[in-house]
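Participant: Below: one structure in structure tokens.
The values are calculated or read from the model by the stated rules, or taken from the named source; none is laboratory data. Note that the structure is a prediction, hence the values are computed from the model and not measured. Cβ placement follows ideal geometry from the backbone for every residue including glycine, while neighbour counts extend to all protein chains displayed. Just so you know, the surface numbers come from the protein's heavy atoms only, side chains and all, with ligands and any DNA or RNA stripped out. Shrake-Rupley method; radii C 1.70, N 1.55, O 1.52, S 1.80 Å.
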Amino acid sequence: MRSYRAFLDRAIRSPEAFWAEEAKLIEWQRPFSRVLDYSRPPFARWFVDGTTNLCHNAIDRHLAARAEQPALIYVSTEIDVEQTFTFRQLHQEVNRFAACLKGLGVVRGDRVLIYMPMVPEAVFAMLACARIGAIHSVVFGGFASLSLASRIDDAQPKLIVSADAGSRAGRIVPYKALLDEAIERSKAPPGSVLLVDRGLAPMRRLAGRDHDYAELRSRHLDAAVPCEWLEASEPSYILYTSGTTGQPKGVQRDTGGHAVALASSMGKIFCCNAGETYFATSDIGWVVGHSYIVYGPLLAGMATVLYEGTPVRPDGAILWRIVERHRVSVMFSAPTAIRVLKKQDPALLKRHDLSSLRLLFLAGEPLDEPTARWISEGLGKPVVDNYWQTETGWPILAIARGVEAIPAKFGSPGLPCYGYSVKLYDEHTGQEVGPNTKGVLAIEGPLPPGCMTTVWGDDERFVKTYWHSVPGRTVYSTFDWGIRDDDGYYFILGRTDDVINVAGHRLGTREIEESICSHPGIAEVAVVGVADQLKGQVAVAFAVVRDARAVELPQQRKNLEAEVMKQVDSQLGAVARPARVHFVTALPKTRSGKLLRRSVQAICEGRDPGDLTTIEDPTALEQIRSALVSA
Ligand code: PRX
């Protein structure tokens with residue numbers, strides 16, 4: 001333990017020496033002249049003047065040693081396909097994709113929006129962007145047209161990559177029609193759309209704008225597109241994530257710091273070796289997909305599994321069948337997926353040969369002890385909780401077992417990861433709190449390599465939102481509550497803001513409220529996250545109708561609830577659909593008009609609503625109570 005703490009101390013005390021050493025894990029075309037420039041806090045520039053390329057480090061550099069080894073293993077239980085691409089084949093496909101992008105006029109610095117199901121072409125597209133220095137912005141396929149339109153407007157992509165359809169639990173999910181709707185809504189329509197036709201759903205094609213990928217690819221079969229050497233701080237990608245406002249933030253990541261942090265984490269946190277196979281069950285539309293389906297494993301010279309399917313189809317042993325078949329060494333999933341499996345026959349955990357598997361990492365939401373024990377004992381493998389965010393791109397808290405496997409504690413993701421100076425502050429006074437006291441979990445600048453460098457196109461929002469929210473301090477707020485025990489282990493106690501976490505999917509209640517409010521029958525609405533045994537949290541809405549007569553009868557309420565849900569489905573996507581919509585005539589607010597969100601949430605969870613001295617109309621809370629009882 002002492003040596004582990006000394007290692008953490010060194011990373012904080014001598015960041016330049018520490019990260020210069022880690023930077024050797026990747027290949028630089030031109031070496032950096034300085035490890036860190038923090039002359040303009042909170043903006044940190046890592047590996048100043050160094051030039052590199054993510055695609056080169058993820059693919060090209062491995063060709064000498066492992067061209068014929070698997071790099072990308074695509075498994076789809078949706079369309080019953082399995083396809084392996086070696087590093088050589090992946091290199092070829094990415095070159096072809098890059099040639100198509102270039103042919104359509106995409107150049108360094110352009111944004112390319114990727115709205116794709118979990119298919120190999122989505123990974124080719126990301127890596128092709130990295131190759132030519134274009135900035136990708138992947139939008140989760142479960143998001144619908146309004147979510148997509150706001151991201152198009154903000155990123156202003158020159159080109160969008162999409163497909164006819166995805167498939168979820170055996171059901172075809174059309175993408176192209178939603179995309180067309182989003183482009184129609186958007187103020188910054190792209191010049192071109194590149195479409196992968198999977199033959200799953202009919203597509204309307206707009207002449208001049210829409211291009212067929214198979215057709216274009218066939219013209220570039222022998223393409224050799226050189227890597228663009230980017231300065232370390234040039235952006236590699238934008239990934240939108242939810243916050244307190246209805247407008248998602250474009251988390252911008254650099255190139256050099258991103259490559260170094262991920263490569264470093266693969267060894268020091270995930271205990272991986274080149275030539276092995278990594279399997280993250282996430283989606284490329286989320287940060288875990290970016291870091292640990294695509295870039296991390298490939299940077300480490302590993303094969304990565306891209307899985308299109310659910311954990312329970314065709315049966316609850318599918319994940320373990322994949323582990324056995326592809327000799328997976330390390331897995332990454334979310335607690336929700338494990339809770340889903342917990343409902344299945346435990347014998348399914350024993351059906352396959354899991355001798356290749358060493359570790360299972362879980363993140364994205366709190367990992368409860370019963371779930372952790374169940375899966376760890378069932379598999380006979382250590383389970384490693386790790387805590388981080390879209391903003392950081394790699395773990396903030398974890399036990400870095402690749403450094404030393406110090407003991408874990410149930411319910412705790414562990415200690416700060418090397419490079420993160422983690423602190424807990426009192427939300428009102430900004431004073432640091434001691435052990436066993438709840439506080440806002442924050443990080444002192446500079447953030448280590450790999451973390452967000454700014455909000456896309458809005459430096460001011462980056463500074464104001466993240467660095468000025470703890471009173472009297474300039475520290476990065478995670479917007480999570482945390483507590484530290486006497487041994488220095490941290491525990492996460494939920495968000496301090498209006499972000500909720502449904503089945504590991506991060507959603508903003510504001511976005512859901514805005515969508516519901518655009519229904520003509522609804523005047524006002526409050527959406528809160530409510531604890532749920534399976535999904536961690538679900539969204540529950542309390543809506544004030546314009547005309548109370550519209551919800552007098554139970555059938556009317558049922559119909560309106562269904563209508564509202566449908567509206568959220570079509571605007572934001574089914575992931576954002578509230579579990580329930582209750583109708584009330586007033587919302588509990590303070591006399592200054594602020595919604596008493598924490599009180600509403602507390603009532604929904606059967607807890608004490610807390611201090612209500614400032615409430616304007618106490619009957620509004622009564623309405624929440626009775627709506628829940630009569631539901
Ligand atoms: O509230 C924390 C929760 O998920 C949020 C970040 O979500 P996202 O940006 O989607 O990134 C997920 C990356 C794994 C955090 O602010 N969270 C994430 N991991 C944990 C967690 N809560 C508790 N325990 C965790 N291990």
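Participant: Kirkwood Rh, the range 502-630, all Cα pairs: how many Å?
Facilitator: Its Kirkwood hydrodynamic radius stands at 14.9 Å.
Participant: Here's a follow-up. Using the Karplus equation 6.51 cos²θ - 1.76 cosθ + 1.60 (θ = phi - 60°), what ³J(HN,Hα) coupling, rounded to whole Hz, does each residue of the range 190-195 give in order, writing x for Gly and Pro?
Facilitator: For the range 190-195, the Karplus curve yields x, x, 9, 10, 10, 10 Hz.
Participant: Roughly how compact is the range 346-413, stated as its Cα Rg over 2.2 N^0.38 Å to two decimals?
Facilitator: 1.18
Participant: In terms of Cα to Cα distance under 20 Å, which lysines are near enough to Lys187, apart from those fewer than 8 places away along the same chain?
Facilitator: Qualifying lysines at Cα under 20 Å: Lys158, Lys176, Lys249.
Participant: In straight Cα distance, which lysines are under 23 Å from Lys268, not counting same-chain residues fewer than 8 positions off?
Facilitator: Qualifying lysines at Cα under 23 Å: Lys24, Lys381, Lys409, Lys423.
Participant: Still on this structure: Counting other C-beta atoms within 10 Å, and keeping those with at most 10, which DSSP coil trypsin sites (Lys or Arg not before Pro) do you find in the range 301-355?
Facilitator: Lys343
Participant: Can you work out the base-10 log of I(q)/I(0) for the range 373-488 at q = 0.13, 0.16 1/Å, using the Debye formula on its C-alpha atoms alone?
Facilitator: After summing over all Cα pairs, the log10 values are -0.56, -0.80.
Participant: What figure in square angstrom, to the nearest 10, would you give for the accessible area of Ser376 with a 1.4 Å probe?
Facilitator: Counting only protein heavy atoms, Ser376 exposes about 30 Å² to solvent.
Participant: Sticking with this structure for a sec: Under a 5 Å amide H to amide H cut-off, with H placed in plane at 1.01 Å, what residues pair with Gln431 once short-range neighbours are removed?
Facilitator: Asp426
Participant: Which lysines, on any chain, are close to Lys566 with Cα under 18 Å apart, when same-chain ones fewer than 8 places away are left out?
Facilitator: The qualifying lysines are Lys558.
Participant: So how do Glu404, Glu276, Glu181 rank on accessible area, 1.4 Å probe, biggest first, that is with the largest at the start?
Facilitator: Glu181, Glu404, Glu276
Participant: Another question, if that's okay. At 1.002 mPa s and 20 °C, plugging the Kirkwood radius over alpha-carbon pairs of the range 424-529 into Stokes-Einstein gives what diffusion coefficient in µm²/s?
Facilitator: The calculation lands on 135 µm²/s.
Participant: Determine the distance separating the Cα centre of the range 397-438 from the Cα centre of the range 265-329; give it in Å without decimals.
Facilitator: If you average the Cα positions of each part, the centres end up 26 Å apart.
Participant: Another question, then. If one computes the Cα centroid of the range 156-193 and of the range 2-35, what distance in Å separates the two points?
Facilitator: One Cα centre to the other: 41 Å.
Participant: At a 1.4 Å probe radius, which order do Arg591, Arg506 fall into by accessible area, largest first?
Facilitator: Output order, biggest surface exposure first: Arg591, Arg506.
Participant: So, with a 1.4 angstrom probe, what is the percent of accessible area on the chain that is carbon and sulfur?
Facilitator: That share works out to 51 percent.
Participant: With N set to the residue count of the range 68-174, report its C-alpha Rg divided by 2.2 N^0.38 Å to two decimal places.
Facilitator: 1.11
Participant: Determine the sum of side-chain charges near Ala182: Lys and Arg each +1, Asp and Glu each -1, restricted to other residues whose C-beta is under 12 angstrom from that of Ala182.
Facilitator: So the environment of Ala182 carries a net charge of 0.
Participant: Can you give the accessible area of Lys249, probe radius 1.4 Å, in Å² rounded to 10?
Facilitator: 10
Participant: Hey, can you find the accessible area per residue of the chain for me, probe 1.4 Å, expressed in square angstrom?
Facilitator: 38
Participant: Where does each of Asp153, Asp486 land when they are ordered by accessible area, with a 1.4 Å probe and the largest first?
Facilitator: Solvent-accessible surface, decreasing: Asp486, Asp153.
Participant: Let me know the whole percent of all Cα-Cα pairs from the chain that are separated by more than 30 Å.
Facilitator: Value for the chain (Cα pairs over 30 Å): 54 percent.
Participant: Which shape class applies to the range 306-378: rounded if a/c is under 1.5, otherwise prolate when a/b exceeds b/c and oblate if not, where a ≥ b ≥ c are the square roots of the Cα gyration tensor eigenvalues?
Facilitator: Since a/c stays below 1.5, the shape of the range 306-378 is classed as rounded.
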